Amino acid sequence: MNRTAVGFGLVLLSAFFFAASGPYAKAMYASGWSPGAVVLLRLLGCALVLLIPTIISLRGRWREVVRGWRTVVSYGVVSMAGVQLLYFLAVEHLAVAVALLLEMTAPLLIVFWLWATTRIRPATVTFVGMAVSLVGLVLVLDPGGSELSLAGVVFALGAAVCLASYFMVSAKVEVDVPPVALTGLGMAVGTLVVAGLLLLGVLPADFSTADVTLGASPYSWVVPILIIVFTTVGAYVCGILGLRMVGATVGSFVNLTEVPFSVIVAWLVVAELPSVIQMYGGIGIVVGVVFIKWGEVRQERRIQRRVVLLSDPATGPLSIVEVSDDRAVDAGSGASQSNGRARRGRDSTTSR
């Protein structure tokens with residue numbers, strides 16, 4: 001329970017940090033910056049901040065990076081560069097609220113992905129939590145009257161896929177690369193990807209040295225860049241540590257609190273006031289997260305009552321059967337024992 005509470009707090013803090021960087025980036029766009037330029041400095045700054053911690057955490061563990069280089073590269077391309085670039089491209093074609101709503105379908109993708117790969121249907125209360133969270137998200141975003149663009153929808157859904165990948169990779173406790181190092185190396189890979197796209201002319205590279213207005217006061221462009229960099233570092237580091245404690249499904253739904261957090265920060269930075277309906281939406285998101293956590297606990301109890309039978313030429317592919325606790329089959333036994341018990345299990349249990 002202590003581990004879960006700490007993980008929940010870290011993911012919540014990560015969501016706040018992610019939310020804090022958005023309004024500052026929006027203020028920079030108003031002063032002549034392009035999304036690609038902001039993303040490049042964001043990734044580059046984070047890579048530099050995490051350079052020393054990354055080197056220290058990898059002392060004597062560089063072989064693990066070599067063995068897991070595919071994870072590191074995919075993490076940088078998809079979870080770092082992909083999420084940010086696709087989201088900002090979607091914002092160019094859609095209203096910010098609609099783009100964010102489509103991107104936040106990532107938890108749905110995770111639930112259905114786990115359902116398809118494990119063949120275990122999520123608990124009913126999980127679906128309830130999904131519905132409540134998404135209804136609350138809609139209330140917070142209030143996207144009524146927005147016009148949809150097909151290109152924008154594609155970009156936003158692409159960002160959702162990348163976001164789901166971020167949650168899944170970050171939650172893998174079997175990844176040998178330390179969390180800080182994974183974040184630092186991912187930032188470096190993402191920087192190279194975005195820099196390449198800017199140099200090739202795929203994305204516009206518009207920079208500006210004009211003052212940026214924050215909370216009705218002008219500041220040097222260096223100030224919002226520093227805030228964006230340090231909040232991004234905190235967001236990813238806290239996110240990885242928290243996700244490894246609470247899992248991808250719960251963590252992805254806790255991340256929905258990024259929306260009400262962004263409303264509050266936007267109110268302070270760019271004078272955007274939240275409405276009453278947005279407040280109710282934030283409450284709905286929190287309630288939905290509670291249902292998701294409840295569903296995860298029930299799902300763990302269901303899995304404890306299941307056994308995976310070994311597969312061999314006689315029995316065919318793996319099958320999952322429901323058994324009582326006092327009749328569980330030892331999955332680590334020999335194939336002949338598994339075959340015999342499998343036949344007995346099919347006679348007295350319900351196959352799924």
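The values are calculated or read from the model by the stated rules, or taken from the named source; none is laboratory data. Everything numeric in this text was worked out from a predicted model, so none of it was measured. Ideal geometry is used to build each Cβ from the backbone, glycine not excepted, and the neighbour counts take in all protein chains shown. Surface accessibility is based on the protein's heavy atoms, side chains included, excluding ligands, DNA and RNA. Shrake-Rupley method; radii C 1.70, N 1.55, O 1.52, S 1.80 Å.
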* Asked: Has the stretch 191-212 got at least one residue that is within 30 Å of Gln299 (Cα to Cα) and either in contact with a Cys (Cβ under 9 Å, 6 or more places away or on another chain) or open to solvent by 30 Å² or more (accessible area, probe 1.4 Å) (or both)?
  -> no
* **Condition met for Ile225 (in contact with a Lys or Arg (Cβ under 9 Å, 6 or more places away or on another chain), open to solvent by 10 Å² or more (accessible area, probe 1.4 Å) and at pLDDT 80 or above)** => yes
* If you take the residues of the stretch 237-253 that are open to solvent by less than 10 Å² (accessible area, probe 1.4 Å) and within 21 Å of Thr191 (Cβ to Cβ), which of them is modelled with the highest pLDDT? -> Gly239
* **Selection within the stretch 50-70 - assigned to a helix (DSSP H, G or I) and buried (at least 20 other Cβ atoms within 10 Å of the Cβ)** => Thr54
* **Residue that is over 22 Å from the mean Cα position of the chain (by Cα) and surrounded by fewer than 18 Cβ atoms within 10 Å (Cβ to Cβ), where the choices are Ala37, Ala5, Ala30** => Ala30
